Amino acid sequence: MGIVFDNPLIGVVMCQIDKGGHPTQMVHNKYLDAVTLSGGVPLALSHHLIQTPHQLENAMAILDGVLLTGSPSNIEPWHYGEEGKEQHADPGRDRLAFSLITHAIGKKMPIFGICRGMQELVVANGGALYRQLSQHRQFQRHHEDLSQPLDQQYAPVHEITIEPDGLLSTLLDCATLTVNSLHQQGIREPGPQLRIEARASDGLTEAVSLQHHPFALAVQWHPEWHPERSAASRRLFDGFIHAAIRYHKEKTP
């Protein structure tokens, strides 16, 4: 008898960092905890998968959803038609995330993107980014104050307006929401396949979904920060995990 998984298996993208001279791949506990809280089983995905396509295919065969996490790194600008270098680049993550998105879209597998994860979903679908929001005077401040404690960095700071009749509106059942904001970059063009789900008061896109997909949602804020304290954050993760459960049942003979 084979092993039966009652909880959906969620692939979680990791980031490449330097840890005391050692190249290290990591993911913050807060993402793993949020998935677990809503009933998913997180599985960290190594950048090495992109070098072994058959192993990536095997991983996608057992996964029930993909979580694209936030990160201190940014997408390299050549991916969305910009010139120049990115100081905080993570090219291995770029390659793996874009490959995961392509596979997940093809399989109609649930996707949930957060911060950098939202930007990855946008760029993978033909969109483009503002490289530094602070250089565009039409936008309010969207990045955190690193001198403050984490609880203050992740505190709600501005309101967003949620578009009616979308996936986000269905999950949250509200027209506005106050969110945290910890990002240097933002969405310039969402791409033709994405629906804008929410905007900040300055017009910046704060959430998108992929059209004609059962569940592909991405948000610019950080709902993984103590979702047990926020009903809205918990609903986002619950919605993602419920979609993964449906996907698991449909693919299981």
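With respect to residue 160, is the statement that it is of a type in the set (A, V, I, L, M, F, W, C) and either open to solvent by 30 Å² or more (accessible area, probe 1.4 Å) or not in a strand (DSSP E or B) (or both) true?
The answer is no for residue 160.
How about the range 123-135: which of its residues are open to solvent by 10 Å² or more (accessible area, probe 1.4 Å), in a loop (DSSP other than H, G, I, E, B) and in contact with a Leu (Cβ under 9 Å, 6 or more places away or on another chain)?
Once the filter is applied, which keeps residues that are open to solvent by 10 Å² or more (accessible area, probe 1.4 Å), in a loop (DSSP other than H, G, I, E, B) and in contact with a Leu (Cβ under 9 Å, 6 or more places away or on another chain), the range 123-135 yields 125, 126.
Out of contact with any helix residue (DSSP H, G or I) (no Cβ under 7 Å at 6 or more places or on another chain), modelled with pLDDT of 95 or more, β-branched (Val, Ile, Thr) and more than 22 Å from residue 10 (Cα to Cα) - does that describe any residue in the range 146-159?
no
If you check 120, 197, which single one turns out to be open to solvent by less than 10 Å² (accessible area, probe 1.4 Å) and either farther than 21 Å from residue 240 by Cβ or not in a helix (DSSP H, G or I) (or both)?
The unique qualifying residue is 197.
Do we have residue 163 as over 15 Å from the mean Cα position of the chain (by Cα) and farther than 26 Å from residue 79 by Cβ here?
Criteria met by residue 163.
Go through the range 163-190 and report how many residues are within 18 Å of residue 233 (Cα to Cα), outside any helix (DSSP H, G or I) and open to solvent by 30 Å² or more (accessible area, probe 1.4 Å).
Here the count works out to 7.
Is there a residue in the range 230-251 that is at pLDDT 95 or above, farther than 23 Å from residue 145 by Cβ and part of a loop (DSSP other than H, G, I, E, B)?
Looking for residues that are at pLDDT 95 or above, farther than 23 Å from residue 145 by Cβ and part of a loop (DSSP other than H, G, I, E, B), one finds none in the range 230-251, hence no.
Taking into account only those residues within the range 145-157 that are closer than 28 Å to residue 215 by Cβ and buried (at least 17 other Cβ atoms within 10 Å of the Cβ), which is farthest from the chain's Cα centre (by Cα)?
157
Hey, does the range 214-222 have a residue that's more than 23 Å from residue 137 (Cβ to Cβ), modelled with pLDDT of 95 or more, in a loop (DSSP other than H, G, I, E, B) and open to solvent by less than 30 Å² (accessible area, probe 1.4 Å)?
So far as the range 214-222 goes, yes, one or more of its residues are more than 23 Å from residue 137 (Cβ to Cβ), modelled with pLDDT of 95 or more, in a loop (DSSP other than H, G, I, E, B) and open to solvent by less than 30 Å² (accessible area, probe 1.4 Å).
Taking the criterion of being of a type in the set (Ser, Thr, Tyr), more than 17 Å from residue 216 (Cβ to Cβ) and under 14 Å from the mean Cα position of the chain (by Cα), would at least one residue in the range 67-89 satisfy it?
For the range 67-89, residues of a type in the set (Ser, Thr, Tyr), more than 17 Å from residue 216 (Cβ to Cβ) and under 14 Å from the mean Cα position of the chain (by Cα): present.
The values are calculated or read from the model by the stated rules, or taken from the named source; none is laboratory data. Nothing here was measured: the structure is a model prediction, and the numbers come from that model. Cβ sites come from the backbone with ideal geometry, for glycine too, and all protein chains shown count toward neighbours. Areas reflect the complete protein model, heavy atoms only, side chains present, ligands, DNA and RNA absent. Shrake-Rupley method; radii C 1.70, N 1.55, O 1.52, S 1.80 Å.
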